[in-house]
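Right, one structure below, let's go through it.
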Amino acid sequence: MNGAARLTASRRRWGLALCAAVALACAVLALLVGSVELDLGAVMAGVGPDDTIFWKLRLPRVALAAMVGAGLAVSGAALQPALRNPLASPDIIGVSGGAALAAVLALAWMPAWASTAGVPLFAFVGAGAAAAFVYRASLVNGRLDPYTQILVGVVFNTFCASLILLVNALADASRTRSIVFWMMGGVSVQPWPSLALAGSLFAVGIVMLMGQARSLNLSGLGDDTAASLGFDAGRCRATVFAASALVVGASVALTGVITFVGLVVPHLLRRLLGSDNRLLLPASVFGGAAFLVASDTIARWVLAPVELPVGAITAMTGGPFFLYLLRRHGRARAEDGP
């Protein structure tokens, strides 16, 4: 191994270690912060109400926030090079909107006994269908246009939001509360079996995305150049879409639509660690977990005992960041000329 390769390997190890340390610190802080100050001695001894709060309330919530944040961030990190669009993320290109619409349809009219398995299934199918539709609608002369894709995604999200409002108006009053939850996006306490099932779906999707790291590095060269190197751009995009749909479907089924995690985290990490997807994708897993766990901690602490929807926290962070990226890349495109 030459000096440059050793430096790259060392940078990758230290970068991942730093991201993992930040994620762990955010998780520990989230477990300790809340409207009730825990007695760690009682928690360690396994007795009293503090033990119940820790194991049945805070730990499942932190675990869910970490999984969803990791999944959304790594999906955004993979979609951006796969589509050659720096503004791509699951919520902006319509994947989350399609998943939310499908989940809301299931919530509104599916029998209660079937909703546990049906809502995640519908969300997954909706995410996949949305990804395929937006991709096809964004082709200009047979090639994907990044800014057309953003416009199509925004319009598609608006259309899905309108249909969700219509479904909410027509649904039974007893189900409207659940529908409003999907629209706002929030992390709640889930039973451990549900977390285990979601964790397996996240694991499969994340492994599929990280398996495309080398192909995603080549995708920046353009389809023709990459094809001469044996890279199948269509197959790579199909894999990224399928894995992202799996991850987003699981996320929406459990937390509703949480926006901008897949945009903010990859861009921040790309500036810190570079654009090598062999490092960026695993780093996004830890960075996304840290970001959403920290956002959820703020959401339940800042106005305690009142809890804010975590989707509001991520939107307040990501909205201005998206506008900044849009202006920066718009200027860069104008400077490059037609």
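The values are calculated or read from the model by the stated rules, or taken from the named source; none is laboratory data. The model shown is predicted, which means the values in this text are computed figures rather than measured ones. All Cβ positions, even for glycine, are placed from backbone atoms using ideal geometry, and neighbour counts span all protein chains on display. Side chains included, ligands, DNA and RNA excluded: accessible areas come from the protein's heavy atoms. Shrake-Rupley method; radii C 1.70, N 1.55, O 1.52, S 1.80 Å.
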What FRET efficiency comes out for the pair Leu166/Leu18, r = Cβ-Cβ distance, R0 = 30 Å, nearest 0.05? 0.05
For the chain, what does the helix formula give at 222 nm: sum of -39500 (n - 2.57) over DSSP H segments with n ≥ 4, over the residue count, nearest 500 deg cm²/dmol? -25500 deg cm²/dmol
Where is the GNM fluctuation largest for the chain (alpha-carbon springs, 10 angstrom cutoff): Val28, Val257, Val68? Val28
Let me know the Kirkwood hydrodynamic radius for the chain, please, with Cα pairs as the basis and the value in Å to one decimal. 20.6
Would you kindly compute the Cα radius of gyration of segment 192-330 and its largest Cα-Cα separation (Dmax), both in Å? 16.9, 59
Difference of contour (0.36 nm per residue) and Cα-Cα distance, Asp145 to Val28: 37.9 nm
Lys, Arg +1 and Asp, Glu -1 on Cβ, resulting dipole of the chain about Cα centre, debye, nearest 20: 740
Taking only the alpha carbons of segment 152-273, the radius of gyration and the largest Cα-Cα distance, Dmax, both in angstrom, are 18.2, 58
Under 10 Å, Cα contacts only: if you run a Gaussian network model on the chain, which one of Ala304, Ala82, Ala63 comes out with the highest mean-square fluctuation? Ala304
Kyte-Doolittle mean at least 0.5 and Cα extent at least 18 Å along the axis: which DSSP H helices of the chain qualify? 3-32, 59-83, 95-109, 115-137, 146-170, 192-210, 233-255, 277-301
Hey, with R₀ at 25 Å, roughly what FRET efficiency would Val204 and Asp232 work out to, going by the Cβ-Cβ distance, to 0.05? 0.75
Which of these, Met184, Met110, Met67, has the largest mean-square fluctuation under a Gaussian network model of the chain (Cα springs below 10 Å)? Met110
Inter-label distance, nm, simple model (7 Å from Cα along the C-beta direction), Phe159/Leu323: 2.7
With point charges of +1 on the Cβ of Lys and Arg and -1 on the Cβ of Asp and Glu, referenced to the Cα centre of the chain, which listed residue (Ser275, Phe133, Ala304) lies farthest in the positive direction of the dipole? Ser275
Rounded accessible area of Val167 (nearest 10 Å², 1.4 Å probe): 10
Work out the charge dipole of the chain with +1 on the Cβ of Lys and Arg and -1 on the Cβ of Asp and Glu about the Cα centre, then indicate which of Phe231, Gly185, Phe54 is farthest towards its positive end. Phe231
